[in-house]
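The values are calculated or read from the model by the stated rules, or taken from the named source; none is laboratory data. This structure is a prediction, so every number in the text was calculated from the model and none was measured. Here the Cβ positions follow ideal geometry from the backbone for every residue, glycine too, while neighbour counts run over all protein chains shown.
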């Protein structure tokens, strides 16, 4: 029998490279490798001759030289004498800032609209369908420009807040909505550490305490679960958890001496507080409502994917509607909702590169815009830009894969 | 006695049924509908009232503005004079600048009929692809359409589209001849034949043939307006579907080198925003071509957008391929089909059918993304609004009408496409429900 299953032992001939399925794939791959190498070599040759003709070379030294331009919206110290690398860093943080804010609000809008699209209220259902269709079918760039225009054209200038009978007034004397941006009260510390008692280290303390509180509440909850398993009686954890969340932070903020810096009209503009620039708000809001429409569809699909029998079975077991939602429907719906939700987060991050259209200083506008135009280092800048976005999306998709594996239905 | 109870009923038992009463007023007609759909519970009633407030506030501000619109003035100041303080839109910017919004500001104005005709013919060409009931003979026109549209929009010598057509026909003939021995032979033979014909024909076309052509030659940089969006959308989608199929098959291939080339390409493209690819088109791609060659920006943008959407389409088709039961692959193998035959006859027809909704979604997204070319200073409809129209002295300070118009254009096209996709899904559902 072995004579049949053994491959034919004939001598190797050249035609077998094409006709024998055992060797054909090697031929194809060799051809592909040669073509790939030829293409890469061709491009390399062209790039080097073109660069030589233009008197350029590939060098990243420009990152260390002064950027020479100002950035209004920034999270870290920066002035026009800072290096291009610093400008890129400001851009990266701005990208992450707007992406994070937009992810939070888009999820908020999306979940609300998605749930309301399934409401048994006809009017609300139709209104939400209208919202989803309108926002999904119009380019996000147009939404960004429209909202930016609303900011500029509709909101009053700082000048309108002046005089004895101003045309515009601040909301609760705390918030000022102007066409240059929104001014909100900003926290600062009177007894904190760092320069002028206001270093970032104080915020690290606050975040550290919050993380500690988070783990403490997790412990309390798991202990309550254990008690419930053992005795059948669930201890009331609400007040303990609330105390763990709030008391340590409040004490810490009191120790550091938290004060609020309220924006005030000084001269031609507002001073003090935190300024959230118009471009940031336009980008944030536009990305939120645009992506929110997509998320709404994901949420709706997720909830509809849980079969009605699940709800009915849970009801037959005697669960109340709140518990049915949290114990039966949501865990199953989330399995369907989360993966597309995360790719929507990825889309938000990538779409935040449209900041360049409204002049928000994200990484595309700093590194890929002004730095590129001033230094003429097109290849280097675009490559760095792509590297940044690739890193972000690879990180997010790694996270998504881990999550998918964790919630995958364990079958057989 | 027994029969008595049936024939002579007691006087107090009714012999005939009463006519049916109408349901109570709260249980019929519009009142019932409203009780069930709008005011079933107190939270529902609150939601309804809130929705009414939202709808009223939108309509009360938008309707007077739209209905009071002015259509026939030639500048913003004139329009404001006509309005005289009343609420109303200045739609006259749309009527006055219609041609610029549609065709950009440098396309020769006496030639507008050419892109318009190409646009109308697009529907004729797309019809047999979109609706299967139409006579199949129409597909001949679809195959000819790219050459006709090229000739209409760019003009110049008619020799160029004819040469392109001859090259394609030559390639198809060589493919037909060689495909009997093997698909790969036929495919590569056809491509080589077409390229050879184009190359030789390119040498034959005389220099300056476009100078006195019947249709005036229009360079690509003169294209603009919504026409540019439509062209980018149609060209890139149609190019990226075959490329996406190839990438998806490559990603599933058992040959590691081919597989990894496809995986790296797809993941790289999907990981970066379209804007960075457009930057590549506008500032970097020129370095990759041999010194001295000039490729116009339109072509570079088409290359990059096609790469972009083909990666996404490849992922959609991969989903379709993965959704096919393994039995289909095994059945094809057991029939003795080779790889190309199995793919063409068994696998792809089913996988593509599953992927149609996804592909249409990508196409809609791509069409919306064509607005991004305004960032690299091409004057598509958004670029026209942000650039020349906002800068024009007569219309300085007009936003809503223009952005609203652009939004409406995109909404009509994208909503139409998504409705078509839903119809197609229902039409293609061959499984029994």
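How many of the residues in region B:234-281 are at pLDDT below 90, within 18 Å of residue A:382 (Cβ to Cβ) and more than 9 Å from chain A (Cβ to nearest Cβ)?
Final tally of qualifying residues: 1.
Listed residues B:365, B:319, B:358; which is in a helix (DSSP H, G or I), within 11 Å of another protein chain (Cβ to nearest Cβ) and either under 30 Å from residue B:422 (Cβ atoms) or within 17 Å of the chain's Cα centre (by Cα) (or both)?
B:365
Looking at (1) surrounded by 15 or more Cβ atoms within 10 Å (Cβ to Cβ); (2) within 12 Å of chain A (Cβ to nearest Cβ), can you tell me which one residue B:343 breaks?
(2)
I'm told residue A:96 meets every condition in (1) more than 10 Å from chain B (Cβ to nearest Cβ); (2) in a helix (DSSP H, G or I); (3) modelled with pLDDT under 85 except one. Can you identify the failing condition by its number?
Residue A:96 satisfies all of (1) more than 10 Å from chain B (Cβ to nearest Cβ); (2) in a helix (DSSP H, G or I); (3) modelled with pLDDT under 85 except (3).
When the residues of region A:119-171 are filtered to those that are part of a helix (DSSP H, G or I), touching a helix residue (DSSP H, G or I) at 6+ places or on another chain (Cβ under 7 Å) and at pLDDT below 85, which remaining residue is farthest from the other protein chains (Cβ to nearest Cβ)?
The extreme case among them is A:151.
May I ask you to verify whether residue A:254 is out of contact with any helix residue (DSSP H, G or I) (no Cβ under 8 Å at 6 or more places or on another chain) and either assigned to a helix (DSSP H, G or I) or surrounded by 12 or more Cβ atoms within 10 Å (Cβ to Cβ) (or both)?
Judged against the criteria, residue A:254 is a match.
For residue B:324, state whether it is without any contact (Cβ under 8 Å) to a residue 40 or more places away in the chain, exposed (fewer than 13 other Cβ atoms within 10 Å of the Cβ) and assigned by TED's automatic domain parsing to the domain that holds residue B:268. Spell out how you get there, then give the answer.
Numbers: without any contact (Cβ under 8 Å) to a residue 40 or more places away in the chain: yes; exposed (fewer than 13 other Cβ atoms within 10 Å of the Cβ): no; assigned by TED's automatic domain parsing to the domain that holds residue B:268: yes.
Considered against the rule, which asks whether it is without any contact (Cβ under 8 Å) to a residue 40 or more places away in the chain, exposed (fewer than 13 other Cβ atoms within 10 Å of the Cβ) and assigned by TED's automatic domain parsing to the domain that holds residue B:268, residue B:324 comes out as no.
Given the residues B:87, B:48, B:26, B:72, which is the only one that is free of Cβ contacts under 8 Å to residues at least 40 places away in the same chain and closer than 30 Å to residue B:380 by Cβ?
B:72
Could you please let me know if residue A:276 is more than 14 Å from chain B (Cβ to nearest Cβ), under 29 Å from the mean Cα position of the chain (by Cα), closer than 22 Å to residue A:140 by Cα and outside any helix (DSSP H, G or I)?
yes
Are there any pairs with C-beta distances below 6 angstrom linking a residue in region A:310-334 that is modelled with pLDDT under 90 to a residue that is part of a loop (DSSP other than H, G, I, E, B), with the two at least 6 apart or on different chains, and if so which?
That search, which allows pairs on different chains as well, returns A:329/A:306; A:332/A:306; A:333/A:306.
Taking the stated definitions as given, is residue B:372 surrounded by fewer than 17 Cβ atoms within 10 Å (Cβ to Cβ) and at pLDDT 85 or above?
No, not satisfied.
Test each condition in (1) part of a loop (DSSP other than H, G, I, E, B); (2) outside the structural domain of residue B:385 (by TED's automatic domain parsing); (3) exposed (fewer than 15 other Cβ atoms within 10 Å of the Cβ) for residue B:199 and report the one that comes out false.
The number of the failed condition is (1).
Regarding region B:323-340, can at least one residue be identified that is modelled with pLDDT of 90 or more, closer than 24 Å to residue B:429 by Cα, out of contact with any strand residue (DSSP E or B) (no Cβ under 9 Å at 6 or more places or on another chain) and within 13 Å of another protein chain (Cβ to nearest Cβ)?
So far as region B:323-340 goes, no, none of its residues is modelled with pLDDT of 90 or more, closer than 24 Å to residue B:429 by Cα, out of contact with any strand residue (DSSP E or B) (no Cβ under 9 Å at 6 or more places or on another chain) and within 13 Å of another protein chain (Cβ to nearest Cβ).
Can you tell me which residue is nearest to residue A:284 (Cα to Cα) among those in region A:112-130 that are touching a residue at least 40 places away in the same chain (Cβ under 8 Å) and buried (at least 18 other Cβ atoms within 10 Å of the Cβ)?
My answer is A:113.
Return yes or no: is residue A:390 within 10 Å of chain B (Cβ to nearest Cβ) and touching a helix residue (DSSP H, G or I) at 6+ places or on another chain (Cβ under 8 Å)?
When the stated conditions are applied, residue A:390 passes them.
Being away from chain B (no Cβ under 13 Å), touching a residue at least 40 places away in the same chain (Cβ under 8 Å), crowded, with 17+ Cβ neighbours inside 10 Å and more than 22 Å from residue A:372 (Cβ to Cβ) is true for just one of A:87, A:106. Which residue is that?
Details: A:87 fails: more than 22 Å from residue A:372 (Cβ to Cβ).
None of the other options fit; the residue is A:106.
Among the numbered criteria (1) under 22 Å from the mean Cα position of the chain (by Cα); (2) more than 10 Å from chain B (Cβ to nearest Cβ); (3) at negative phi, which single criterion is violated by residue A:312?
Result: residue A:312 passes all but (1).
Do the conditions hold for residue A:360, that is, is it crowded, with 20+ Cβ neighbours inside 10 Å, within 30 Å of residue A:68 (Cα to Cα), away from chain B (no Cβ under 12 Å) and in contact with a helix residue (DSSP H, G or I) (Cβ under 9 Å, 6 or more places away or on another chain)?
Yes, satisfied.
Only one of B:351, B:363 is buried (at least 20 other Cβ atoms within 10 Å of the Cβ) and under 28 Å from residue A:135 (Cα atoms); which? Please lay out each step first, then the result.
Working: B:351 fails: under 28 Å from residue A:135 (Cα atoms).
Criteria check complete, one pass: B:363.
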